Amino acid sequence: MKLLDRLPEVEGRLREDANLSKVTWFQVGGPADVLFKPKGEGDLSNFLKNTPADIPVFVLGVGSNLLVRDGGYRGVVVRLGRDFTGMDVLDGHKVRVGAGALDGNVARFVASHSLTGAEFLIGIPGSIGGALRMNAGAYGSEVKDIFVSAVALDRQGMRHELTAADMAFSYRHCGIPKDWIFTEAVFQLHPGDEVEISKAMQEIAKNREDSQPVKSRTGGSTFANPEGKKAWELVDSVGGRGLTIGGAQVSEKHCNFLINNGDATARDLEAVGEEVRRRVFKEHDTLLRWEIVRIGEEGSVE
Ligand SMILES: Cc1cc2nc3c(=O)[nH]c(=O)nc-3n(C[C@H](O)[C@H](O)[C@H](O)COP(=O)(O)OP(=O)(O)OC[C@H]3O[C@@H](n4cnc5c(N)ncnc54)[C@H](O)[C@@H]3O)c2cc1C
């Protein structure tokens, strides 16, 4: 029986054999068996509740920290669309934002209400769901610093309201089970001056362009910084900068970024990353941890 026939009826959209290279920054990787765009939280909850437990389900943000392997994903990939991009200001200088909202849009929304604290989000090209999952951060701030609460659905479709303690944030990580899907979050900001806030955001955006390959097909920081060390320095020290395998290259501009030069496969990208890890381990006895999330099966490119 094909996968689609085992899935419940939904209000949103189910698409078979969906090309994931179109929806990730690296622009590589094979298809998902099924891509599901739910129509709101109720539809998503109903889908999770009625989808047999043996069917793998993965939630995608905007794929800015994700490598999909060439063989694609066997199961359902969920993508939160417009129904999950709402933003409101609540009492006490808080904002509630949908998990599908882009970090940059949230930063601009917050700034337009003369609230400060979310400027760092302007430089992170992901969605709020990805930011919660990865405890995304930049310039000394991270999601943990502004977090008040979040809502997530578990694999059975049960709704959970999560506190900061539940989230168990650590560096580029949160402790919520991997198969839970965030649908919204509340952040705490502070009153500020709109002009100052927008100046700070412009500076962040400029710094980014100067130091990172933000216009390339990339996946953000490849490796998490090991305790007390910088991943990029370790990569640089073993001759990683510019290292190339097939169409994949360690960025010359920032050597903790991998680049698809145009014709890379996921296998090339993973291979160049693994080569760097091997060298760093050999020379520094430090095993770099992949920060980029990798999913799917190895396979050939169609
Ligand atoms: C040019 C560039 C610069 C970057 N700079 C930074 C930076 O400064 N700081 C930083 O922290 N990151 C940075 N990143 C990495 C990336 O933008 C962040 O990790 C971002 O939070 C990922 O969000 P996403 O929506 O793209 O998630 P994806 O890449 O799609 O997914 C990443 C993980 O989040 C999970 N996820 C996504 N949505 C949800 C949801 N709704 N519920 C549960 N889990 C979810 C996915 O399942 C996956 O495990 C950069 C990336 C690029 C390409």
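The values are calculated or read from the model by the stated rules, or taken from the named source; none is laboratory data. Keep in mind that what you see is a predicted model, and the values were worked out from it rather than measured. We place every Cβ from the backbone using ideal geometry, glycine too, and count neighbours over all the protein chains shown. Areas reflect the complete protein model, heavy atoms only, side chains present, ligands, DNA and RNA absent. Shrake-Rupley method; radii C 1.70, N 1.55, O 1.52, S 1.80 Å.
Points to keep in mind about this one:
- Annotation: peptides 94-107, 152-165, ranked by per-residue average of other Cβ atoms within 10 Å with the highest first, follow the order 94-107, 152-165.
- Within the chain, helix-based [θ] at 222 nm, where runs of 4 or more DSSP H residues each add -39,500 (n - 2.57), nearest 500: -7500 deg cm²/dmol
- For the chain, the solvent-accessible area works out to 47 Å² per residue, with a probe of 1.4 Å and every protein chain left in place.
- Other-chain or far-sequence residues with amide H under 5 Å of V293's (modelled H): L66, L67
- Protection proxy ranking of 253-260, 236-243 - average other beta-carbon atoms within 10 Å, highest first: 253-260, 236-243
- Highest average first, the peptides 218-225, 14-21 ordered by how many other beta carbon atoms sit within 10 Å of their residues are 218-225, 14-21.
- The smallest convex shape that holds all Cα atoms of the chain, its convex hull, gives 129 Å³ per residue.
- Based on C-alpha pairs under 8 angstrom that are at least 6 apart in sequence, the chain has a relative contact order of 19 percent.
- Heavy-atom SASA rank of W25, W290 (probe 1.4 Å, accessible area, largest first): W25, W290
- Of all DSSP-defined beta bridges confined to region 3-82, some 45% are antiparallel rather than parallel.
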